[in-house]
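The values are calculated or read from the model by the stated rules, or taken from the named source; none is laboratory data. Quantities reported herein were computed from a predicted structural model and do not represent experimental measurements. Positions of Cβ are backbone-derived with ideal geometry, glycine not excepted, and every protein chain shown enters the neighbour counts.
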Amino acid sequence: MKARMTDPRSYMLRMVVILAVTLIIIGLLFSQLASAFSGNLALNSVIVATALIGVAFIFRQTWRLVPEAKWLSDIQKTNTISQSAPRPVLLATVHVMLSDASEDGQLSALSLRSVLDGVAARLDEAREISRYFIGLLVFLGLLGTFWGLLQTIGSVGRVVGGLDLSSTDFDAMMSQLRNGLDAPLAGMATAFSSSLFGLSGSLVIGFLDLQLGQAMGRFFNEVEDWLSAFAKFSDQTSSGSDGGQQALAQGLSEEGARAMITLASAIDAAQRDRTEQTRQITNLNTTLAVLSEQMADDRRLREQLAQLNIQIQQLTSSLDEKARLQQETVSTELRALSTAIVKLAGKK
C-alpha cells in the first residue's frame, strides 16, 4: 500500500495560528489583563507558568510524530527497513514486528492486534498528561476563586466589626468603611483574576490538545490501515493449518485467540499424556501376564510335587507291607523247618 502518511506539522500550524490569535487578544487587552494579573501575582504566575508548560508539552508531543511518520513513509516507499535510520519510539513494536515478518513475509492478525495495541498505549500515555494540564488549570482557577472568596468574607467581617456605630460623625464612618473595603476588593480581585487566567489557559490548552488528539488519531489510523492491508496479504499467502489458525485469530479477540491456542496446547499435552499412560498400562499388563503365567507354572509344579509325595508315601507303605508279609512268611517257614528238624532228630 503506497498511501502517503499525513505530515503532523500541518496540525502544528493550526496550533501556531490559535496561539497567534491568543497573543493578539492579549495584546489588545493587555492593560486590563495586567491589572487583573496584579490581583494575586503568586497564584496567577503559577497559572500562567502551568499553561506555558502545557503548551510546550503539547508541541513536543506533536513534534514526536514527525520522525515516526517519516520513518513509516520511507518504509512504504522502499518496502525495506533501513538499518542506518534511527529506531522509532512510538512505533517500536511495528519495527520489531516488521523485522520478524520480513524473514517469511507473513504477519498474523493476532500479531497485528498486539502491535496496534502497543502503539495505541504509547499514544494514549502522552494524551493523559496533556489532559492533566487542562484539569490542573481549572483546579488552580477554582482554588484562586475560593481563596479570594475566603479573603473577601474575612475582610468584610473585620470591616463590619470595626465600624464605630456609636459615633455621630457620618463622614468619618464612611471614610473608615471605604478604607476597610480595600481588603475585600483585593480578595475579589484574586478570585476573579485566578478564574479568568485558569479558565482561559484551560481553553487554549484544550484546543491544542484537540489538535494533538487529531494528529495522533490520524497517525494511528494510517498505521492501522497500512498494517491491516499487509496482514490481509500475509493471510492470503498462508495455507493449511496456519491459515486455519489465522482465520480463527481474525474471528476472535486477541484474548480469545490466545485462550483458544492455550487450550489447544493443553489438549495436545493431555493427548500425549494419555498416549504415554496407555503405553505404560500396556507394558504393565504384559508384565502382569508374564508374572501370572510364572505363578501358574509354580502352582502346577507344587501340585505335581504334592502328587509325587503322595505316590512316594503310598509306595513306602506298599513296600513296608510287602516286607512285613515276607518277614512273616520267612518266620513261618523257619518255624516249620525247625519243627521238621526236631521231628527228624527224635526219630533217630
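Has the stretch 317-331 got any residue that is in a helix (DSSP H, G or I), of a type outside the set (D, E, K, R) and under 30 Å from Arg113 (Cα atoms)? No, every residue in the stretch 317-331 fails to be in a helix (DSSP H, G or I), of a type outside the set (D, E, K, R) and under 30 Å from Arg113 (Cα atoms).
Note on the stretch 6-45: residues that are of a type in the set (Gly, Ala, Ser) and touching a Leu at 6+ places or on another chain (Cβ under 7 Å) total 1.
Listed by position, the helices (runs of 4 or more DSSP H) enclosed by the stretch 33-152 that each have at least 1 residues that are of a type in the set (Lys, Arg) and modelled with pLDDT of 80 or more are 41-63, 65-78. Looking at Thr282, Thr262, can you tell me which residue is part of a helix (DSSP H, G or I) and within 30 Å of Ser114 (Cβ to Cβ)? Just a single option satisfies the conditions, and that option is Thr262. One residue is enough: does the stretch 178-191 have a residue meeting the conditions β-branched (Val, Ile, Thr), over 21 Å from Ala49 (Cβ atoms) and at pLDDT below 75? Within the stretch 178-191 (the criterion being β-branched (Val, Ile, Thr), over 21 Å from Ala49 (Cβ atoms) and at pLDDT below 75), the answer is no, since none of the residues qualifies. Residue check: is Gly54 surrounded by 11 or more Cβ atoms within 10 Å (Cβ to Cβ), touching a residue at least 24 places away in the same chain (Cβ under 8 Å) and more than 39 Å from the chain's Cα centre (by Cα)? Judged against the criteria, Gly54 is not a match.
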